[in-house]
C-alpha cells in the first residue's frame, strides 16, 4: 500500500507543516516590553526657549527645531506645557506658538526617531496617552494636546499595519489592540488557521481541542485519526529502515 517513495514524500510534507507551525509559534515573541525613555532629558529645570533670543523666536520660520528637541525634556509633558506658555508669552500669539511646537513634536520628532521597533512604538503611545491626560486638565491648550495625540496614534497605527507578518507576535497584537481601543483602525483579521495558532500561542490548547471535537463531524474525525495513524506508521517505518541500513553497514565493516 505504501511504497518507500510515498512514505518519504509524506514525511517531507508533514515535516514542512510541523516546521511551519513551530515557526509561527516562535513568532509569538517576548511578552514584555523593554522600557525605553529616550524622550526624557535629565536637565529637568532647563528650558531652552528661555535662553533663545526674542528676535529669533518671533521669526517662527527660523525656530531651531533640532536644538529644541535635543534640549527639551519631552518625556515630561509638563515641561512641554511650560515651553508652550513661555513661547506664547514672548510672541503674544498662542495659536502661532501652538503651531510651532506642534510641528516640533510631530513631524520633526517623528523624523528624528523614525520609530519602527515595538518597544519604541510602545514608548510613543504611552507618551501620547500622557499628552491626552494633560489635555483633560489644561482646557486652554486642550486641542493642541489632542492634536498631538491624534498624530502619534495615526502614524503608529500605520506603522503597525505594515507589520502584518508579525500578526502572531504578542507586541504586535498588544499595540494593534491599543490603537483599535482608541478608534485607530489596524486590520488584524484572522483566518481560522490564524485563530488556531493564536490560541496555541496563548496556551489555550485545551480550548482548541474542545472546539475541534465539538464542531467537526464523525467522518472528519475519522480522517484525522487515520492521518495520525499514517503519520506515526510513516515515522516508524522510516526509523526502522534507518536502523536496518545502519546495522547492515556495520556488519559489512
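Just so it is clear, none of the values below were taken in a lab; they were calculated from the coordinates. A quick note: this is a predicted structure, and the numbers were derived from the prediction, not measured. Here the Cβ positions follow ideal geometry from the backbone for every residue, glycine too, while neighbour counts run over all protein chains shown.
Computed from label points 7 Å out along Cα-Cβ, the spacing between residue 177 and residue 138 is 3.2 nm.
Among 228, 107, sorting on how many other beta-carbon atoms sit within 10 Å of each Cβ, with the fewest leading, yields 228, 107.
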